[in-house]
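Engineer: Pasting a structure here, questions to come.
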Amino acid sequence: MNLAARLRPRDINEFVGQDHLVGKSGIIRRMIVAKNPFSIIFWGPPGSGKTTLAQIIATELKADFYSMSAVSAGKEDFKKVVEKAKINQKEGKQTILFIDEIHRWNKAQQDALLPNVEQGLIILIGATTENPSFEVISALLSRSKVLVLKSLTIKELEQILKIALKDKARGLGKHKKQLKDDAKELLLRLSGGDARIMLNALEIAVEDYKAKVITDEIIKEVFQTRSAGIYDKKAEEHYNIISAFIKSMRGSDTDAALYYLMRMLENGEDPKFIARRMIIFAAEDIGMADRGALIQANEAFDAVHKIGMPEAQLILSYVVIYLSQAPKSRAVPNAMGKAKNAVYELPNEAVPLHLRNAPTRLMKNLGYGKDYKWSEKYVGPIKSLSFLPEKLKGRKFYNPAEAKK
């Protein structure tokens, strides 16, 4: 069992951070004291204590606790929990089901939770790093309390660090290692508010290095190894950073875009994944304002595929600078959105007769293809007829003025 698992708080009084939830007037503490649990969606960054809080709630309430990951758990796993919950209900015992990364479950899977939550058969605690407004179905949200967790502060991380170094039973106290001030500052900063990252890095620094004093050089080496757990490569981390990357290019902040690019690459992100996102960005956020942007992004993907790392960094950096500094226009997605809305508004409008193909005599007699001219001088319907169905005649989706922004 690694350090982070060994040091997991056993009750609410050992829990560090999230004082707005577990403090004297915090909603979780009040819920435990009242012994009146309700379904919860924990929304917060990795390493902020979502899983730990779920376990503490179950322990404090003496409830039957089941944990599953939405990435790997399926229908049969859920059915087993429901069957056990039915037995518990008859015995007067509560059942808490914790679903990590609940945003990974599709609508049908989330729908299956509803009747069990509604009937009180299961108390659901879901954890997500994604905005639940977009990732969790509204019916489930309305039956749960969304509680927001924050990244741990430097002071809170320092408190956990002190325990880890001194505790001989569950921590690293038996090694009698010292952490220099500059090394501690670096460790806290590189952990990025994630207690799990900090503890995993500390464990490597203590157990894999013979030095009795841990220096900043050791901390730097530990983080450069990218050992398992130091950089969270789960989907949420990918999308958090790629989101910041895209928004930086959209805002024409070249330096920020380059920083997020290097952050992804240095932590093992697939360069082709980044290149694909830049192709989408070129069409969506630059579009007609710079017709070369899509060509550049597409060529970059091909070049990255051919060259590979580490030289592919140069290609990606080049195109990031190009896309960041290019003029921006939302003309393409705006036009696409308007056209899509028109389809939903008028989904079954008949194609005008003059635009229909007329491969048979009957069709020609019915007016198919009539009044459509195709010559060297003119292509299209004559007599001021429209390419669009009658009810959409004159409707504009693409605005050329937007393309110049």
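Engineer: Sum up the charges of everything whose Cβ sits under 10 Å from the Cβ of residue 44, counting Lys and Arg as +1 and Asp and Glu as -1, but leave residue 44 out.
Structural biologist: +2
Engineer: Which order do 247, 177 take by accessible area at a 1.4 Å probe, largest first?
Structural biologist: Largest to smallest exposure gives the sequence 247, 177.
Engineer: Moving on. Run the dipole for the chain about the Cα centre, Lys and Arg Cβ at +1, Asp and Glu Cβ at -1, nothing else charged, and hand back the magnitude in debye, nearest 20.
Structural biologist: In total the dipole reaches around 1120 debye.
Engineer: Helix-only mean residue ellipticity at 222 nm, the chain, DSSP H runs n ≥ 4 weighted -39,500 (n - 2.57), per residue, nearest 500. What is it?
Structural biologist: -14500 deg cm²/dmol
Engineer: Starting with the highest mean, order 49-56, 142-149 by the number of other Cβ atoms within 10 Å, averaged over the residues of each peptide.
Structural biologist: Taking the mean over residues of other Cβ atoms within 10 Å, the ranking is 49-56, 142-149.
Engineer: Also, quick follow-up: Where does the charge balance sit around residue 315 when Lys and Arg score +1, Asp and Glu -1, over other residues with C-beta under 10 Å from its C-beta?
Structural biologist: Local net charge: -2.
Engineer: Considering only DSSP states other than H, G, I, E and B, which GluC sites (Glu not before Pro) in the stretch 43-127 qualify as loop sites with at most 13 other Cβ atoms within 10 Å?
Structural biologist: 91
Engineer: Continuing with the same structure: Using the heavy atoms of the protein chains alone and a 1.4 angstrom probe, what is the accessible area of the chain per residue in square angstrom?
Structural biologist: Heavy-atom SASA per residue in the chain reads 56 Å².
Engineer: For the chain, modelled as a Gaussian network with Cα springs under 10 Å, which listed residue fluctuates most, 328, 80, 383?
Structural biologist: 383
Engineer: Please give the length that would be gained between residue 210 and residue 190 if that part of the chain were fully extended, namely 0.36 nm times their separation in residues minus their C-alpha to C-alpha distance (nm, one decimal).
Structural biologist: Answer, rounded to one decimal: 5.0 nm.
Engineer: Tell me, Kirkwood radius of the stretch 142-301 from alpha-carbon pair distances, in Å?
Structural biologist: The answer is 18.3 Å.
Engineer: Across bins of 10 angstrom width beginning at 0, how are the C-alpha pair distances of the chain distributed, in whole percent?
Structural biologist: 4, 16, 19, 20, 18, 11, 6, 4, 1, 0
Engineer: Also, I was wondering about something else. How much accessible surface area, in Å² rounded to 10, belongs to the heavy atoms of residue 221 with a 1.4 Å probe?
Structural biologist: Only protein atoms counted, so the area is about 90 Å².
Engineer: Which percent, nearest 5, of DSSP beta bridges in the chain are antiparallel?
Structural biologist: Around 10 percent antiparallel, to the nearest 5.
Engineer: OK, next. Could you work out which residue, out of 188, 157, 113, moves most in a Gaussian network model of the chain, that is, has the largest mean-square fluctuation with Cα springs under 10 Å?
Structural biologist: Comparing 188, 157, 113 in the GNM, the peak value goes to 113.
Engineer: May I pose another question? Could you calculate the contour length gain from residue 272 to residue 24, that is, 0.36 nm times the residue separation minus the distance between their Cα atoms, to one decimal place in nm?
Structural biologist: Once the chain is fully extended between residue 272 and residue 24, it gains 84.4 nm.
Engineer: If you rank 82, 332, 379 by how much accessible surface each has, with a 1.4 Å probe, what is the order from largest down?
Structural biologist: From most accessible down to least: 379, 332, 82.
Engineer: To the nearest 0.05, what FRET efficiency results for residue 263 and residue 295 with a Förster distance of 25 Å applied to their C-beta separation?
Structural biologist: Between residue 263 and residue 295 the formula returns 0.40.
Engineer: Need the full-extension length gain, residue 167 to residue 10, defined as separation in residues times 0.36 nm minus the C-alpha distance. One decimal, nm.
Structural biologist: 55.1 nm
The values are calculated or read from the model by the stated rules, or taken from the named source; none is laboratory data. Computed from a prediction, not measured in an experiment: that's the story for all the values here. Backbone-built Cβ (ideal geometry, glycine too); neighbour counts: all protein chains shown. Surface areas here come from the heavy atoms of the whole protein model, side chains and all, with no ligands, DNA or RNA. Shrake-Rupley method; radii C 1.70, N 1.55, O 1.52, S 1.80 Å.
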